[in-house]
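Engineer: I am attaching a structure below and will ask some questions about it afterwards.
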Amino acid sequence: MFYGKKTMQSENIRFFNTLTREKERFVPIEKGHVKMYTCGPTVYDFVHIGNLRAFLFEDLLRRWLEYRGYTVTQIMNLTDVDDRTIKASRSQGVPLRQHTERFVRGFFEDIEALNIEKATQYPRATEHIPEMVALVKKLLDGGYAYKGEDGSIYFDISKFKDYGSLAKIKVEELKPGARVKVDDYTKEEASDFVLWKAWDENDGDIFWETELGKGRPGWHIECSAMSMKYLGETFDIHCGGVDNLFPHHENERAQSESVTGRKFVNYWLHNEHLLVEGRRMAKRLGNYYILKDLVAKGHESMAIRYLMISTHYRQQINFTFDGLEGAQKALERLRNFALRSLEADGKSADQRLRGLIEGVEKLFGEAMDDDLNISVALAHLFDFVRDVNNFLDEGKVSKEDGQEIHDLMMKFDKALGVIGEVKTERELSQVAEDLIHKREEARKARDWKTADQIREQLKSMGVLIEDTAEGIRWKLEKK
Ligand SMILES: [Zn+2]
């Protein structure tokens, strides 16, 4: 039986902090406890795979902190009122809540399918209006905000000396008095931004009657209010995609620090973009995907997870179907290896095995501690798989060692979340069962192409399918 060394909180974790543009040693405010805020989905539509990349990076980050023994409090907001949600619900003639509810459900289905750990809480913007109003009032009282002639309330960026330092933009170039009312805009337009939007007819029946007047919050103040409510005035980590860096995170920081006079966030972590077949993803280019599109094409959601997490978060991912196939193969290799280890019953034991086991745990850990260097961590892991497979082929892995190796793989999988449980009885996995079922449906619908694709996919998982007069029969390929 394997009794793993109790994992200690690592003093060696280092993250690249966007604020300083340097790798820094990670030290949480409270010993053993990490508080992190991750910007959640704007629920006006289904999240696309670029959004999912951010959520998967954040999941890997959180799992790694937990692997190292930290308790993590993670808050992810749901943006259920902003320019886009209002526009989408009104253009479809559906009440806002009804419109966003559909996409909130879709979001939770996606994160479950991708084995993303649930955040501690998912606060909704519409349920935190009083907290936002209180922040805006403090900003008005402190002279950081003013009311425009349209009745909306704006943040005066000239009052926050450090404005622009997170996204590294120069403020001297700003036109005095320039202001913007929309939630999202580009760097070139950096200017006073809206905190509270006075109602106009484009908002329809979406408004709150508050001390600030009839209106609704701007997008940026939503995240300041919800993060500080649940995590305190200063917390450890704030994440998001690079597209959120400006204006969203710059503005969040300016508002929050102006209210509290304290540092808002110690470590800012941003993940890079996702490209599809080398291009920016766009509906008009026909390369825009949501998770359900890929699953409908017969791809396993765990392969999508593997593909997304196996590229370092600060590198762009070029999503391709070849890459997805490669991810599926890598995943199968890990699964088969975990299973083979569990079934090992070698007569002799190779002394070198001990060194390999201790070596991989150390090297994998060191790589992940280094700003989640997943590429290096996986390279060490696959070296280990190759070496131990050779010993397995030669019958040099005892039952005890096999169990220990399997348990180590399960420990790594607490961070990776891709292998799942393996069974020695060589039963069909749930994934294979679902695929067989899906293939039957496809055959009933005379969709031979999909049926063939699924047959191939099952084959790559070691499950052989035979269609007989009595129905389908499956057997497991001998590995
Ligand atoms: Zn946010």
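The values are calculated or read from the model by the stated rules, or taken from the named source; none is laboratory data. Predicted, not measured: the structure shown is a model, and the values here were computed from it. With ideal geometry, Cβ positions are generated from the backbone for all residues, glycine too; neighbour counts draw on all protein chains shown. Note: areas computed on protein heavy atoms with side chains; ligands, DNA, RNA excluded. Shrake-Rupley method; radii C 1.70, N 1.55, O 1.52, S 1.80 Å.
Engineer: Among the residues of region 39-62, write down those that are surrounded by fewer than 24 Cβ atoms within 10 Å (Cβ to Cβ), within 16 Å of the ligand (Cβ to nearest atom) and of a type in the set (V, I, T).
Structural biologist: Across region 39-62, the qualifying residue is only V47.
Engineer: Same structure, new question: Kindly provide the set of residues from region 193-206 that are in contact with a strand residue (DSSP E or B) (Cβ under 7 Å, 6 or more places away or on another chain), open to solvent by 20 Å² or more (accessible area, probe 1.4 Å) and within 10 Å of D83 (Cβ to Cβ), ordered by number.
Structural biologist: None - no residue of region 193-206 is in contact with a strand residue (DSSP E or B) (Cβ under 7 Å, 6 or more places away or on another chain), open to solvent by 20 Å² or more (accessible area, probe 1.4 Å) and within 10 Å of D83 (Cβ to Cβ), so the list stays empty.
Engineer: Taking region 389-412 as the region of interest, how many residues are open to solvent by less than 10 Å² (accessible area, probe 1.4 Å) and in contact with a helix residue (DSSP H, G or I) (Cβ under 6 Å, 6 or more places away or on another chain)? Steps first, please.
Structural biologist: Filtering region 389-412 for residues open to solvent by less than 10 Å² (accessible area, probe 1.4 Å) gives 397, 402, 405, 408-409, 412.
Okay, now just the ones that are also in contact with a helix residue (DSSP H, G or I) (Cβ under 6 Å, 6 or more places away or on another chain), so 397, 402, 405, 409.
Of the residues in that region, 4 qualify.
Rundown of residues vs (1) under 29 Å from D205 (Cα atoms); (2) modelled with pLDDT under 95; (3) in contact with a Lys or Arg (Cβ under 7 Å, 6 or more places away or on another chain); (4) more than 16 Å from the ligand (Cβ to nearest atom), yes/no style:
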site	(1), (2), (3), (4)
R68	no, no, no, yes
A88	yes, no, no, yes
N115	no, no, yes, yes
Y122	yes, no, no, no
M132	yes, no, no, no
L135	yes, no, no, no
S158	no, yes, no, yes
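Engineer: Same structure, new question: Confirm whether K187 is within 16 Å of the ligand (Cβ to nearest atom), surrounded by fewer than 19 Cβ atoms within 10 Å (Cβ to Cβ) and under 29 Å from the mean Cα position of the chain (by Cα).
Structural biologist: Details: within 16 Å of the ligand (Cβ to nearest atom): no; surrounded by fewer than 19 Cβ atoms within 10 Å (Cβ to Cβ): yes; under 29 Å from the mean Cα position of the chain (by Cα): yes.
No.
Engineer: Please go through region 212-230 and pick out each residue that is part of a strand (DSSP E or B) and surrounded by fewer than 18 Cβ atoms within 10 Å (Cβ to Cβ). Reasoning before the result, please.
Structural biologist: Of all residues in region 212-230, those part of a strand (DSSP E or B) come to 213-217.
Residues satisfying the conditions are G213, K214.
Engineer: Sticking with this structure for a sec: Restricting to region 236-254, and then to whatever is more than 13 Å from the ligand (Cβ to nearest atom), open to solvent by less than 10 Å² (accessible area, probe 1.4 Å) and of a type in the set (A, V, I, L, M, F, W, C), can you tell me which residue is nearest to G50 (Cα to Cα)? Break it down stepwise before answering.
Structural biologist: Within region 236-254, the first condition is being more than 13 Å from the ligand (Cβ to nearest atom), and the residues that meet it are 236-237, 242, 254.
Within this subset, residues satisfying the condition of being open to solvent by less than 10 Å² (accessible area, probe 1.4 Å) are 236-237, 254.
With of a type in the set (A, V, I, L, M, F, W, C) added as a condition, the list becomes 237, 254.
Numbers: I237: 21, A254: 27 Å.
The qualifying residue nearest to G50 (Cα to Cα) is I237.
Engineer: Only one residue in E209, E233, E257 is away from the ligand (no atom under 14 Å from the Cβ), acidic (D, E), open to solvent by 10 Å² or more (accessible area, probe 1.4 Å) and in a loop (DSSP other than H, G, I, E, B). Which one? Spell out the reasoning first.
Structural biologist: On the way: E209 fails: in a loop (DSSP other than H, G, I, E, B); E257 fails: in a loop (DSSP other than H, G, I, E, B).
The conditions single out E233.
Engineer: Then there's this: Let me confirm something: among G417, G402, G395, which residue is within 16 Å of N115 (Cα to Cα) and of a type in the set (G, A, S)? If you could, list the steps in order and put the result at the bottom.
Structural biologist: Numbers: G402 fails: within 16 Å of N115 (Cα to Cα); G395 fails: within 16 Å of N115 (Cα to Cα).
From the options G417, G402, G395, the qualifying one is G417.
Engineer: Next up: Got at least one residue in region 185-200 being at pLDDT below 95, farther than 30 Å from F57 by Cα and in contact with a Gly (Cβ under 7 Å, 6 or more places away or on another chain)?
Structural biologist: no
Engineer: Could I ask something else about it? If you check K263 against the conditions, is it over 18 Å from the mean Cα position of the chain (by Cα), in a strand (DSSP E or B), free of Cβ contacts under 8 Å to residues at least 40 places away in the same chain and under 27 Å from V133 (Cβ atoms)? Steps first, please.
Structural biologist: Working: over 18 Å from the mean Cα position of the chain (by Cα): yes; in a strand (DSSP E or B): no; free of Cβ contacts under 8 Å to residues at least 40 places away in the same chain: yes; under 27 Å from V133 (Cβ atoms): yes.
No.
Engineer: Something else now. Scanning region 63-80 for residues that are of a type outside the set (V, I, T) and closer than 17 Å to L372 by Cα, which turns out surrounded by the fewest Cβ atoms within 10 Å (Cβ to Cβ)? Spell out how you get there, then give the answer.
Structural biologist: Residues of region 63-80 of a type outside the set (V, I, T): 63-70, 74, 76-78, 80.
So of that shortlist, the ones also closer than 17 Å to L372 by Cα come out as 63-70.
Numbers: R63: 21, W64: 22, L65: 24, E66: 16, Y67: 19, R68: 20, G69: 12, Y70: 22.
My answer is G69.
Rundown of residues vs (1) modelled with pLDDT of 95 or more; (2) outside any loop (DSSP other than H, G, I, E, B); (3) open to solvent by 20 Å² or more (accessible area, probe 1.4 Å), yes/no style:
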site: L294; (1), (2), (3): yes, yes, no
site: M302; (1), (2), (3): yes, yes, yes
site: Q315; (1), (2), (3): yes, no, yes
site: G323; (1), (2), (3): yes, yes, yes
site: L334; (1), (2), (3): yes, yes, no
site: F337; (1), (2), (3): yes, yes, no
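Engineer: Within region 20-38, work out how many residues are farther than 21 Å from A377 by Cβ and within 16 Å of the ligand (Cβ to nearest atom). Explain how you work it out, then say what you get.
Structural biologist: Step one: list which residues in region 20-38 are farther than 21 Å from A377 by Cβ, which gives 20-22, 27-33, 35, 37-38.
Remaining after also requiring within 16 Å of the ligand (Cβ to nearest atom): 35, 37-38.
Qualifying residue count for the region: 3.
Engineer: Could I ask something else about it? Take the conditions in a helix (DSSP H, G or I) and either of a type in the set (S, T, N, Q) or touching a strand residue (DSSP E or B) at 6+ places or on another chain (Cβ under 6 Å) (or both) and apply them to L60. Does it pass? Spell out how you get there, then give the answer.
Structural biologist: Details: in a helix (DSSP H, G or I): yes; either of a type in the set (S, T, N, Q) or touching a strand residue (DSSP E or B) at 6+ places or on another chain (Cβ under 6 Å) (or both): no.
In short, no.
Engineer: Condition first: closer than 24 Å to D184 by Cα and either within 16 Å of the ligand (Cβ to nearest atom) or within 15 Å of the chain's Cα centre (by Cα) (or both). Now tell me which residues in region 71-86 satisfy that.
Structural biologist: Kept after step one, since they are closer than 24 Å to D184 by Cα, are these residues of region 71-86: 75-86.
Once the filter is applied, which keeps residues that are closer than 24 Å to D184 by Cα and either within 16 Å of the ligand (Cβ to nearest atom) or within 15 Å of the chain's Cα centre (by Cα) (or both), region 71-86 yields I75, M76, N77, L78, T79, D80, V81, D82, D83, R84, T85.
Engineer: Also, I was wondering about something else. Please tell me if D59 is of a type in the set (D, E) and over 21 Å from Q315 (Cα atoms). Outline the logic, then answer.
Structural biologist: Numbers: of a type in the set (D, E): yes; over 21 Å from Q315 (Cα atoms): no.
For D59, the condition - of a type in the set (D, E) and over 21 Å from Q315 (Cα atoms) - is not met.
Engineer: What number of residues within region 149-174 are without any contact (Cβ under 8 Å) to a residue 40 or more places away in the chain, assigned to a loop (DSSP other than H, G, I, E, B) and closer than 13 Å to F193 by Cα? Give the steps one after another, and end with the answer.
Structural biologist: Residues of region 149-174 that are without any contact (Cβ under 8 Å) to a residue 40 or more places away in the chain, as a first pass: 149, 156, 158, 161, 170-174.
The next check asks that each one be assigned to a loop (DSSP other than H, G, I, E, B); those that pass are 149, 156, 161, 170-174.
Now narrow it down to the ones that are closer than 13 Å to F193 by Cα: 156, 174.
Number of matching residues: 2.
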